[in-house]
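The values are calculated or read from the model by the stated rules, or taken from the named source; none is laboratory data. Fair warning: this is a prediction, and the values are worked out from it, not measured in the lab. Here the Cβ positions follow ideal geometry from the backbone for every residue, glycine too, while neighbour counts run over all protein chains shown.
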Amino acid sequence: MAHGNSAHLRVIPSLLGWPDPGSAFSAAMQLASLLAVISFLGGDALRIAGRAADAARRGDWQDHSFRVTAGIVLGTLPIAIAGLALKRTLEGCGSPLRNIAVIGWACVVMGALLALAERYGQSHSGRTRRREADLTFGDGIAVGIAQAFALVPGVSRSGSTLTAALALGMERATAAWFSFLLGLPAIALAGLVELLSLRKAGLHAHGWALLALGLASGSAASYLALWGLVRYLKEHTSWVFVWYRIVLGIVLLWGAARGVFR
């Protein structure tokens, strides 16, 4: 799923025998996703933020846009706090959290949780699906807590937030929309922090050029993935992603046990 590329950035180099690029590279590449999300949802984000600012000036703390915006801001705190607390553990190329077996189990568990969210959050007959107008302050907090688990490769930021949103009864396309909207602050913070780290490390001009090329191509791919995901979920369930994650997880666990991945 879109924004779930941290596991792939770990698995593909391992399969090809390349060194683990580390979470710093993965986080920097998340800026590609940020550019795609801004292009796709920038208008919505500005609209909601503008209405929230107007409500704050009026002192209308019950305004829907203000409460949703406040929920998104506070919902970003769990991943920010957890990211800082686990920074040293996550950054190392040999981090135990970046072990292929850990990623495999994360894929299987998240696939099972998504299946439960799809089954019990979406499939009850007669239940009204929640749309943008139904979102609350608590949704931002709940989905934000789920987002923090995406620090573990294989969990996937979009996967964890989409699962939580579906479990809360959001209509599928709304769940995807809210997942990416809530991810804007977290993706921006992670990417900018790692860009500053690369700058302090003295990345040479050739390295910056390669990173810029990667961001450009990654942004285009992320935009297409986001566009395709939202359109797909308007008409279909998320079961294809359930089976993809479970099968991928099983393959990774098998490969780790057989020594296929390094």
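So here's what we get for this one:
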{"quantity": "Test: THR174 is polar (S, T, N, Q) and touching a strand residue (DSSP E or B) at 6+ places or on another chain (Cβ under 8 Å)", "calculated": "yes"}
{"quantity": "Cross-chain or 6+ apart pairs with Cβ under 6 Å, the range 167-180 first and part of a helix (DSSP H, G or I), then surrounded by fewer than 24 Cβ atoms within 10 Å (Cβ to Cβ) and basic (Lys, Arg)", "calculated": "ALA173/LYS234; THR174/ARG131"}
{"quantity": "Subset tally (residues that are closer than 15 Å to THR174 by Cβ, within 18 Å of the chain's Cα centre (by Cα) and either among the charged types (D, E, K, R) or in a helix (DSSP H, G or I) (or both)) for the range 233-250", "calculated": "1"}
{"quantity": "GLY207 farther than 30 Å from HIS236 by Cβ and surrounded by fewer than 21 Cβ atoms within 10 Å (Cβ to Cβ)", "calculated": "yes"}
{"quantity": "Residues being closer than 20 Å to CYS107 by Cα and among the charged types (D, E, K, R) - total across the range 213-262", "calculated": "3"}
{"quantity": "Tabulated pairs, the range 239-262, first without any contact (Cβ under 8 Å) to a residue 60 or more places away in the chain, second of a type in the set (Phe, Trp, Tyr), C-beta under 9 angstrom, 6+ apart or interchain", "calculated": "VAL240/TYR232"}
{"quantity": "Filter result (aromatic (Phe, Trp, Tyr) and over 25 Å from LEU192 (Cα atoms)) within the range 31-62", "calculated": "TRP61"}
{"quantity": "From LEU162, LEU166, LEU116, residue being at pLDDT 85 or above, surrounded by fewer than 23 Cβ atoms within 10 Å (Cβ to Cβ) and under 22 Å from LYS234 (Cα atoms)", "calculated": "LEU116"}
{"quantity": "Close pairs (7 angstrom Cβ cut-off, 6 or more residues apart or separate chains): over 24 Å from LYS87 (Cα atoms) in the range 194-221, at pLDDT 80 or above and small (Gly, Ala, Ser) anywhere", "calculated": "SER219/ALA36"}
